[in-house]
Amino acid sequence: MISSNDFRTGVTIELDGSVWRVVEFLHVKPGKGSAFVRTKLKNAQTGSVVEKTFRAGETVPQANLEKRTMQHTYKDGEQFVFMDMETFEESRLNTSQIGDRVKYLSDGMEVNVITWGEQVIEVELPNSVVLEIVETDPGVKGDTATGGTKPAIVSTGAQVMVPLFISIGERIRIDTRSDSYQGRE
């Protein structure tokens with residue numbers, strides 16, 4: 001159990017049979033009446049966001065999440081096969097369980113798989129990945145780093161906006177959180 005006074009950004013709680021993550025919180029102490037905590041909660045399974053108010057000191061069950069390091073070994077049809085780095089057991093996850101970050105997932109990549117009981121809540125990729133450009137418009141002499149951007153397709157099939165001077169075959173670093181180009185590798 002966790003008190004509403006201990007809410008912080010990122011804390012996970014259980015409400016109505018699902019896991020919610022605290023996105024925003026505000027402790028309010030009105031001049032008249034008792035204090036309360038106004039929160040914005042995001043459902044870890046569906047991604048929906050709701051606002052909920054708790055009385056100060058109210059306790060709610062804290063979600064017991066387990067984080068395991070797993071390595072993506074290969075793709076089998078529509079499923080992705082991961083190997084637990086401690087027990088060497090294989091797990092299969094669907095694209096819907098991994099989410100939109102599946103576009104940066106490559107063979108041999110280590111990820112953190114967060115589970116609640118037997119249900120996969122989230123797959124955390126590294127903050128940045130290095131991938132090779134497989135398709136983009138050719139660079140022209142005179143293109144500069146501040147001149148603009150163009151679309152490029154990387155080895156995993158994801159499309160990223162890159163500077164004009166980047167060409168096919170180069171390896172670039174991409175921020176997986178913001179889908180942005182960080183630099184050459």
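The values are calculated or read from the model by the stated rules, or taken from the named source; none is laboratory data. None of these values were measured; they are calculated from a predicted model. All Cβ positions, even for glycine, are placed from backbone atoms using ideal geometry, and neighbour counts span all protein chains on display. All accessible areas refer to the heavy atoms of the entire protein, side chains included, with ligands and DNA or RNA removed. Shrake-Rupley method; radii C 1.70, N 1.55, O 1.52, S 1.80 Å.
Kindly identify the chain as rounded, prolate or oblate by the Cα gyration tensor criterion: order the square roots of the eigenvalues as a ≥ b ≥ c, call it rounded if a/c is under 1.5, otherwise compare a/b with b/c, prolate if a/b is larger, else oblate.
In terms of gyration-tensor shape, oblate.
Under 5 Å between amide H atoms, partner at least 5 residues away or on a different chain: which partners does Thr73 have, H built in plane at 1.01 Å?
So Thr73 has HN proximity to Val81, Phe82, Met83, Gly108.
So how much accessible area does His27 have, in Å² to the nearest 10, using a 1.4 Å probe?
Near enough 80 Å² of accessible area.
Report the local net charge at Val102: Lys and Arg +1, Asp and Glu -1, summed over other residues whose C-beta lies under 11 Å from its C-beta. All intermediate terms of the calculation are to be shown ahead of the outcome.
Working: positive: Lys75, Arg101, Lys103; negative: Glu78, Asp100.
With Lys, Arg at +1 and Asp, Glu at -1, the neighbours total +1.
Quote the relative contact order of region 1-72 in percent (integer), defining contacts as alpha-carbon pairs under 8 Å separated by 6+ residues.
34
State the extension gain, in nm to one decimal, for the chain segment bounded by Arg173 and Gln79, taking 0.36 nm per residue of separation less the distance between their alpha-carbons.
That pair, Arg173 and Gln79, stretches by 31.2 nm at full extension.
In percent, what relative contact order does region 26-177 have, based on Cα pairs under 8 Å that are 6 or more apart in sequence?
Numbers: 280 pairs, mean separation 24.1, N = 152.
Reported relative contact order: 16 percent.
Need the list of lysines near Lys150 for cross-linking: C-alpha distance under 28 angstrom, and skip anything on the same chain fewer than eight residues off.
Cross-link targets: Lys103, Lys141.
Between Asn64 and Glu185, with labels modelled 7 Å along Cα→Cβ, what's the label distance in nm to one decimal, could you check?
3.9
Any idea of the accessible area per residue across the chain, 1.4 Å probe, to the nearest Å²?
58
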